[in-house]
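This report refers to the structure that appears directly beneath it.
The values are calculated or read from the model by the stated rules, or taken from the named source; none is laboratory data. Because the structure is a prediction, the values reported are computed rather than measured. Glycine also receives a Cβ, built like all others from the backbone with ideal geometry; neighbour counts cover every protein chain displayed.
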Amino acid sequence: MDLNDRKRLILKAIIANYLETGEPVGSRTISKMEGLNLSSATIRNEMADLEDLGFILQPHTSAGRIPSDMGYRFYVDQLMQDRESDEEERLELVQKVDKMEVMLKQVANVLASSTNYATMVSAPQYKNTKLKFVQLSQVDDYSLLAVIVADGNIVKNQIIDVEKPLANDEVLKLNVLLNSFLQGLTLKEINLELIQTMNEQAGIHSKILEKILEEIAVVIHNADQLEIYTGGASNILKYPELGAPETATELLDALVEKKALNKLVDDTLGSDDHHGIQVYIGDEAPVKNMSDCSIVTATYELEEGGTGTIGIIGPKRMDYKRVVKTLENLTDEINGLFKKKP
């Protein structure tokens, strides 16, 4: 549904005022806004039409109006495109760190502090994680160090106990066996038939091989699991419309427990348009108990193929324009930090 220029202007003014104050907006307030040059009577008539069309609604007996979910959706899809090309403040939200986990926790907290909303960041997912290589080396006569490396430069060092000392050439043969059979395979591809063949070739060292295969399975399995970091959960209490005890408790539980956020990540990455910014308003949200919120998500992509989701969760009257710009800048920063140098 499209609106004429006057209705678009008034709807945009209502939303701008409500985003700032959180209070229902009346025609008198709109008439005082700079650049409108419309009488209160004209504004009242247009507001009545907007209400009939479902873009705004009247809470309780207040004379003012607030945007409906449909109004917010129209604003995000249509009116935000009318925004001026002024330079937004670019926030430096990411610092280069060695560990991805540390960086993502930092992003969640800094983003929450800069926006005053709740935030979530998922670790990069490498669907069907592949084993890169295994390196065995002797620690002493009765232990080996297995260095296991998977997609995303996930590394695990594990000590493997052995019953008898191994010669250097035996360790070398195990290294060759493991990498020639397993390099580049996913967990699903390491099947029983393959393991049986490897055991036969390992001969008297089949027990050592089994221990190493168990550790490889743990590394790949853990890499395939979804890890989510959150920040600013208490920020939601700053907004009266989210501060009711039952609403606040449900939202805090979702952010602390994190399991409910898996659905948000799955929906974002599974979308046909997962490369762009996505805005969920009210009941559109894939997370149960977040129908009173808006959620804006973006996808970051690492050069190695891993993808993750960054989400900002707040009231429906969040500053969509600023949130979208912040996420655009942030994903650019993350992608740039982990881009391989030529």
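Suppose the filter is buried (at least 22 other Cβ atoms within 10 Å of the Cβ) and modelled with pLDDT under 80; does T268 pass it? The answer is yes for T268. The lone criterion from (1) assigned to a strand (DSSP E or B); (2) of a type in the set (A, V, I, L, M, F, W, C); (3) more than 30 Å from E328 (Cβ to Cβ) left unmet by M120 is number (3).
Any residue at all in segment 66-79 that's over 30 Å from T331 (Cα atoms), surrounded by 19 or more Cβ atoms within 10 Å (Cβ to Cβ) and modelled with pLDDT of 85 or more? Break it down stepwise before answering.
Residues of segment 66-79 over 30 Å from T331 (Cα atoms): 66.
If we keep only those that are surrounded by 19 or more Cβ atoms within 10 Å (Cβ to Cβ) as well, we get 66.
After this cut, where a residue has to be modelled with pLDDT of 85 or more as well, the list is 66.
Yes, segment 66-79 has at least one match.
Residues of segment 154-202 that are over 15 Å from A217 (Cβ atoms), polar (S, T, N, Q) and in contact with a strand residue (DSSP E or B) (Cβ under 8 Å, 6 or more places away or on another chain): N157, N168, N175, N179, Q183. Hey, can you tell me all the residues within segment 218-236 that are of a type outside the set (V, I, T) and at pLDDT 90 or above? Y229, G231, G232, A233, S234, N235, listed by residue number.
Scanning segment 21-43 for residues that are touching a Ser or Thr at 6+ places or on another chain (Cβ under 6 Å) and buried (at least 16 other Cβ atoms within 10 Å of the Cβ) turns up P24, S27, S31, I43.
Checking the conditions here, which among G308, G282, G243 is more than 20 Å from P124 (Cα to Cα) and modelled with pLDDT under 90?
On the way: G308 fails: more than 20 Å from P124 (Cα to Cα); G282 fails: modelled with pLDDT under 90.
Criteria check complete, one pass: G243.
Total residues in segment 240-257 satisfying the condition of being within 26 Å of K105 (Cβ to Cβ), in contact (Cβ under 8 Å) with a residue 24 or more places away in the chain and surrounded by fewer than 16 Cβ atoms within 10 Å (Cβ to Cβ): the figure is 2. Contact annotation: residue pairs with Cβ atoms under 6 Å, 6 or more positions apart or on different chains, pairing a residue in segment 20-37 that is touching a residue at least 40 places away in the same chain (Cβ under 8 Å) with a partner that is of a type in the set (V, I, T), are P24/I66; V25/I14. Being at pLDDT 90 or above and either farther than 30 Å from K316 by Cβ or basic (K, R) (or both) is true of D169.
Among the residues of segment 142-149, is there at least one that is modelled with pLDDT under 80, aliphatic (A, V, I, L, M) and out of contact with any His (no Cβ under 6 Å at 6 or more places or on another chain)? No: zero hits.
So that you can scan it fast, the table gives a plain yes or no per residue for (1) assigned to a helix (DSSP H, G or I); (2) touching a residue at least 24 places away in the same chain (Cβ under 8 Å):
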| residue | (1), (2) |
| --- | --- |
| V149 | no, no |
| K156 | no, yes |
| I160 | no, yes |
| D169 | yes, no |
| I195 | yes, no |
| I204 | yes, no |
| V219 | yes, yes |
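Out of all the residues in segment 151-160, is one or more buried (at least 16 other Cβ atoms within 10 Å of the Cβ), at pLDDT below 90, under 19 Å from the mean Cα position of the chain (by Cα) and farther than 30 Å from S294 by Cα? So far as segment 151-160 goes, yes, one or more of its residues are buried (at least 16 other Cβ atoms within 10 Å of the Cβ), at pLDDT below 90, under 19 Å from the mean Cα position of the chain (by Cα) and farther than 30 Å from S294 by Cα.
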